[in-house]
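Trainee: Starting off with a structure, shown below.
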Amino acid sequence: MALVVYNDLTRKKEEFIPSKQGKVSFYVCGPTVYDYFHIGNARPFVLFDVFRRYLESSGYDVLYVQNFTDIDDKMIKRANEMQLTVAELAEQFIAAYYEDADALGVKRANIYPRATHEIDEIINFVKILIEKGHAYTIEGDVYFEVSTFQEYGKLSKQSLDDLQSGARIDIDKRKKNPLDFVLWKASKPGEPLWESPWGKGRPGWHIECSAMSTKYLGDSIDIHGGGSDLIFPHHENEIAQSECASGKQFVKYWLHNAYLMIDKEKMSKSLGNFMTVRDIRKKYNPLILRYFLLSAHYRSPINFSAEGLDQAQKALERIDNCYGDLNFALETRKTGAKDQILTDAIKSADVGVTATMNDDFNTAGALGNIFDAVRAINVHLSKHTDVDVSALQDAKEFLNKVNDIFGFIQRNKDNNENEIDELIKERNLARKTSNFARSDEIRDLLLSRGIIIEDTPQGTRWKKQI
RNA sequence: GGCGGCAUAGCCAAGCGGCUAAGGCAGUGGAUUGCAAAUCCUCCAUCCCCCGUUCGAAUCGGGGUGCCGCCUCCA
């Protein structure tokens, strides 16, 4: 069964067929690095990370590129506020991005291009657009002329007329059309600048993605992802620039995620109703947020709440517990009779995850399959003293495979294991002599350090709190 | 005004024409445990409203109601 994705360009589900067999070029719009990113921004980072991992686990060789926008009005404004140079500001928040994204289990991209490192590419791209008659200059600015691109509006499904009548932007009389957008911006005093054929200035926002994706992925790419709010104007403009420059189709599959909402409103910087991933990390294991973001389909809005995170935590604990119990059983129990029921359940969950993910990356549906496997494993462990080691190994392999895609299972061990083991030994001695006061004291002590004790017929085991 | 999305149990959330409407959280009653924790078993919805299409609809069409988004920087 083949992978099918919803393509925003055609507004239909389509079979996914990359332009080069076995290879996928994948570009995702990254952050503007003027601040810590918030949990709404985290949604595409996590989602597209999972899509990429799924493609890899399906056997594709994926080249994954995510940019950093490190020069624009917001960067300049913020740098002034913080009394930093724009470059210093960028360094600081790129470092912060890596910390937060790593914490969320987001695999590093193959390439992280930065606008300020690709100025030559960008200037060259603008030159081509001018040469081909798609752009014009005014007093050191360069604008893209939207009326020169017949298909302008094909992604957002808006005609030029519709867009103009609905436009809320200030009309710049110098522009030929209010929708013409800036490719190169003349610098004002005190702003960072680069030399160009049109004078000192800096790149506009949209052009960087076209220039960088072309440089690293070629004229045509398979998947371009981002949040829905980028459809217009950002992605529409990228299409116009790239297709006018190359004469080829820019992107085969456009994928956009719906927003993260809070109190039924879109979470956004401008509304001020945001919470950064940094904030979340102070209170929760970030993998809980990762699970939460994967618990709804990517094209549906997801409403953020503390209750939602708590539910996600419990659900994730169930998976983690199962994984831990499974491993404990493999270490401590003997081989018993074959359990066809478990074998079948794992097989069916495995097939189910693939079928569900193949349907437009239905992560929420796949979770159902994963929990079916979890239950089957738990049932087996609770019903048998001697376990079906072979079936359990298959089950473990299944969970590992799932985790390669979803990446939310906790597998860490503690570095003070010896001390923990000593305390557990002492506690078990106390239990043998019915000294339950001491035994409970030790349990509480460990709990205060985030270690949870569980007594089983095979002995006492421990785990870290999520 | 243009374009688009959503409405499934107390909460979250799959399902996209046909078995008893996945799964998770919470809750119920049991089992297990020194007590716990984890786990198992049990119970817990007919899908916003109306009208259609169909042998058959949560799923399709039409009309409502409610909520949300993009059209400006925004993931």
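The values are calculated or read from the model by the stated rules, or taken from the named source; none is laboratory data. Computed from a prediction, not measured in an experiment: that's the story for all the values here. Don't worry about glycine lacking a Cβ; one is built from the backbone with ideal geometry, like all the others, and counts go over all protein chains shown. Surface areas here come from the heavy atoms of the whole protein model, side chains and all, with no ligands, DNA or RNA. Shrake-Rupley method; radii C 1.70, N 1.55, O 1.52, S 1.80 Å.
Trainee: Of all residues being near RNA strand B (Cβ under 7 Å from one of its atoms) and in contact (Cβ under 8 Å) with a residue 60 or more places away in the chain in region A:25-36, which is nearest to A:Thr214 (Cα to Cα)? Just the residue, please.
Mentor: Once the filter is applied, the top-ranked residue is A:Cys29.
Condition check ((1) buried (at least 16 other Cβ atoms within 10 Å of the Cβ); (2) modelled with pLDDT of 95 or more; (3) assigned by TED's automatic domain parsing to the domain that holds A:Ser159) across all residues:
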| site | (1), (2), (3) |
| --- | --- |
| A:Glu236 | yes, yes, yes |
| A:Cys244 | yes, yes, yes |
| A:His256 | yes, yes, yes |
| A:Lys266 | yes, no, yes |
| A:Ser270 | no, no, yes |
| A:Lys283 | no, no, yes |
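Trainee: Taking region A:79-101 only, how many residues are open to solvent by 60 Å² or more (accessible area, probe 1.4 Å) and part of a helix (DSSP H, G or I)?
Mentor: 8
Trainee: Exactly one of (1) open to solvent by less than 10 Å² (accessible area, probe 1.4 Å); (2) closer than 21 Å to A:Tyr34 by Cα; (3) in a helix (DSSP H, G or I) is unmet by A:Arg278. Its number?
Mentor: (1) is the only condition that A:Arg278 fails.
Trainee: Mind checking which residues of region A:296-318 are over 18 Å from A:Phe371 (Cβ atoms) and either more than 7 Å from RNA strand B (Cβ to nearest atom) or open to solvent by 20 Å² or more (accessible area, probe 1.4 Å) (or both)? So that I can check it myself, show each step before the final result.
Mentor: The first filter runs over region A:296-318 and keeps only residues over 18 Å from A:Phe371 (Cβ atoms), leaving A:298-307, A:309.
Those that are over 18 Å from A:Phe371 (Cβ atoms) and either more than 7 Å from RNA strand B (Cβ to nearest atom) or open to solvent by 20 Å² or more (accessible area, probe 1.4 Å) (or both): A:Tyr298, A:Arg299, A:Ser300, A:Pro301, A:Asn303, A:Phe304, A:Ser305, A:Ala306, A:Glu307, A:Leu309.
Per-residue answers, yes or no, for (1) part of a loop (DSSP other than H, G, I, E, B); (2) more than 20 Å from the chain's Cα centre (by Cα); (3) at pLDDT 95 or above:
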position: A:Ala355; (1), (2), (3): no, yes, yes
position: A:Phe361; (1), (2), (3): yes, no, yes
position: A:Gly368; (1), (2), (3): no, yes, yes
position: A:Val379; (1), (2), (3): no, yes, yes
position: A:Ser390; (1), (2), (3): no, yes, yes
position: A:Leu399; (1), (2), (3): no, yes, yes
position: A:Ile405; (1), (2), (3): no, no, yes
